[in-house]
1. Once R0 is set to 30 Å, what does the formula 1/(1 + (r/R0)^6) return for the Cβ-Cβ distance between residue 183 and residue 219, expressed as a FRET efficiency to the nearest 0.05?
2. Normalising by the residue count of the chain, find the relative contact order in percent from Cα pairs under 8 Å and 6+ residues apart.
3. Which residues does the label zone of residue 205 cover in region 244-270, counting backbone N under 11 Å from a point 7 Å along Cα→Cβ?
4. Zone of residue 39 (label point 7 Å along Cα→Cβ, backbone N under 11 Å): which residues in region 98-118?
5. Over region 79-194, what relative contact order in percent results from Cα pairs under 8 Å that are six or more residues apart?
6. As a test of the formula, what do you get for the chain when each DSSP H run with n ≥ 4 contributes -39,500 (n - 2.57) and the sum is divided by the residue count, at 222 nm and rounded to the nearest 500 deg cm²/dmol?
7. Which of 180, 109, 256 ends up with the largest GNM mean-square fluctuation for the chain, with Cα atoms connected below 10 Å?
8. How many nm is it between the label spots at residue 94 and residue 49, if each spot is 7 Å from the Cα in line with the beta carbon?
């Protein structure tokens with residue numbers, strides 16, 4: 001057998017004619033399929049990163065590192081997809097405002113891959129400058145945001161924003177017991193509270209700014225965790241917690257009340273997790289919009305992801 005040349009040829013630049021003759025197993029015939037000859041609902045790339053542009057409510061354009069998941073459906077008679085086309089499609093749009101172009105991105109790589117369905121998930125950390133409660137300070141709060149786009153085989157387009165809001169939840173039961181012990185027994189007590197997280201998922205066909213979702217959550221729950229805290233801010237935070245005691249059931253209903261009255265919101269789901277300081281387990285709650293198409297079934301992996309977001 002003739003020995004192979006093991007020297008890398010940095011000068012080799014194949015012509016298009018040569019490239020057209022390269023083996024292409026991925027796009028080969030159905031006879032090359034391994035396993036069952038069935039369709040696949042989603043196949044693609046997950047967690048590839050690139051800087052994408054987003055527009056803030058004040059008109060400012062910011063560029064954020066974004067983790068992208070892009071998938072399509074695969075028919076039973078096809079062996080595979082050309083996954084690099086999904087990534088290349090995003091690079092075609094990287095200098096544009098990506099959330100305004102999600103449907104175009106989906107259409108492009110859906111057509112490029114000759115597929116029925118296409119999905120996108122963009123995950124990024126979004127900065128909002130917030131004032132301290134009482135002191136003259138400001139700090140950047142970073143929010144975990146995911147933007148999802150789904151394009152079905154019949155052309156139905158759905159756009160969803162997932163927003164994580166981290167807040168303090170002071171227990172009403174613990175507060176009342178602490179007050180009783182202080183009044184009746186003159187005992188120093190500290191009611192328990194915990195860092196908690198709500199994931200708000202909103203389906204909309206209209207513009208809803210990320211800043212607006214943050215304000216909805218803050219107006220509903222009142223006790224967002226703080227960035228820069230001086231003594232007067234810590235006192236204010238303690239007072240806010242005292243004025244807004246809440247179980248996890250309360251938190252989900254308070255968010256429901258805020259979201260259900262916004263006509264721009266077509267559908268929503270709220271998932272709350274209170275990561276208990278009293279118990280060695282969490283308290284959790286899920287609530288849906290009336291006649292919602294969101295699933296109320298939350299996986300263990302989903303609950304675990306909320307822990308890491310807090």
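All of the numbers you see were taken from the coordinates with simple rules; none came from a lab. Treat the numbers as computed from the prediction; the structure is a model and nothing was measured. Positions of Cβ are backbone-derived with ideal geometry, glycine not excepted, and every protein chain shown enters the neighbour counts.
1. On the way: r = 33 Å, r/R0 = 1.08.
According to the calculation, E is roughly 0.40.
2. It comes to 13 percent, rounded to a whole number.
3. Within reach of a label on residue 205, which here means backbone N under 11 Å from a point 7 Å along Cα→Cβ, region 244-270 contributes 266.
4. Taking a point 7 Å out along Cα→Cβ of residue 39, the residues of region 98-118 whose backbone N falls under 11 Å are 116-117.
5. On the way: 145 pairs, mean separation 19.6, N = 116.
Relative contact order comes out at 17 percent.
6. On the way: 8 runs with 86 residues, N = 310.
So the calculated ellipticity at 222 nm is -8500 deg cm²/dmol.
7. So, out of 180, 109, 256, the one fluctuating most is 180.
8. 1.3 nm
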